[in-house]
Amino acid sequence: MKRKNPWTKNKKLVIPITTTLITAAILTYRISRMRNEPSPLPYSQRMFTEFPRPFMSRTRLHMMLQPVAGQRLLEIGPGTGYYSLDATAWISPGGTLDILDVEQRMLDHTIRKVHEFGLDNVFSTQGDAQELPYPANSFDAAFLVATLGEIPDQERVLKELHRVLKPNAHLVIGEGQPDPHMVGYQRLRRLVQDKGFTLEGKTGNFWGYFAKFKVL
């Protein structure tokens with residue numbers, strides 16, 4: 001009696017498992033490389049900025065930021081304006097929102113949305129967060145969501161934010177999965193240490209969180 005070849009019997013199982021392991025290895029390598037070589041999200045991948053963010057919702061950002069009418073806010077890395085339009089309402093009437101991004105096309109996209117809604121209190125600047133083009137003590141509050149990990153010198157960004165924020169102003173940083181550049185909460189606390197901020201609160205979990213800091 002002819003014996004069956006074990007490989008023939010199991011190849012339907014082995015091939016998918018092998019493919020899955022190879023794919024996982026490639027993804028792990030790419031994520032590791034992206035975290036070691038931070039870079040901004042290109043405009044060609046802007047669809048990722050529009051995905052729902054249940055753990056980093058606009059409502060949770062508002063709760064942490066606690067903006068009031070008349071404030072001047074700074075948003076770094078607005079993408080296509082996922083939070084920007086709501087932020088303008090939070091500070092109206094009388095408030096202004098400055099948005100800064102290295103990608104001019106991201107800014108243009110957001111400003112088009114702003115104009116479609118008939119808003120006139122949003123001002124865009126193309127620039128590098130590692131060297132913010134604003135005078136000291138310019139803002140009442142600032143926020144950046146899924147942005148810090150894309151910047152090479154994250155400690156320098158935090159120092160710059162401290163410079164442009166007014167005394168007692170608030171900074172809210174949001175990070176979440178599955179962003180390959182995600183900055184974990186414990187790492188964020190180490191980054192912010194000795195930068196002139198004090199932690200005031202956190203909301204969220206492993207999948208996404210907001211952390212709130214106050215300028216000393």
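For first residues located in the range 35-61 and of a type in the set (A, V, I, L, M, F, W, C) and crowded, with 17+ Cβ neighbours inside 10 Å, partners that are assigned to a helix (DSSP H, G or I) and modelled with pLDDT of 85 or more and lie 6+ apart or on another chain with Cβ distances below 9 Å form the pairs Leu41/Met106; Leu41/Glu150; Leu61/Asp86; Leu61/Ala87.
Can Thr203 be described as more than 16 Å from the chain's Cα centre (by Cα), hydroxyl-bearing (Ser, Thr, Tyr) and either part of a loop (DSSP other than H, G, I, E, B) or over 20 Å from Tyr134 (Cβ atoms) (or both)? In short, no. Just one of the numbered conditions (1) open to solvent by less than 40 Å² (accessible area, probe 1.4 Å); (2) within 18 Å of the chain's Cα centre (by Cα) is not true of Arg187: (1). Considering (1) closer than 20 Å to Glu175 by Cα; (2) in contact with a strand residue (DSSP E or B) (Cβ under 8 Å, 6 or more places away or on another chain); (3) part of a loop (DSSP other than H, G, I, E, B), the lone condition that Phe55 does not fulfil carries the number (3).
Restricted to the range 81-179, the set of helices (runs of 4 or more DSSP H) holding at least 2 residues that are surrounded by fewer than 19 Cβ atoms within 10 Å (Cβ to Cβ), out of contact with any helix residue (DSSP H, G or I) (no Cβ under 8 Å at 6 or more places or on another chain) and modelled with pLDDT of 95 or more comprises 104-116, 154-164.
The values are calculated or read from the model by the stated rules, or taken from the named source; none is laboratory data. This one's a predicted model, so the numbers in the text were calculated from it and none came from an experiment. Counting neighbours? That spans all protein chains shown, and the Cβs are built from the backbone with ideal geometry, glycine included. The area values use the complete protein model at the heavy-atom level, side chains included, leaving out ligands, DNA and RNA. Shrake-Rupley method; radii C 1.70, N 1.55, O 1.52, S 1.80 Å.
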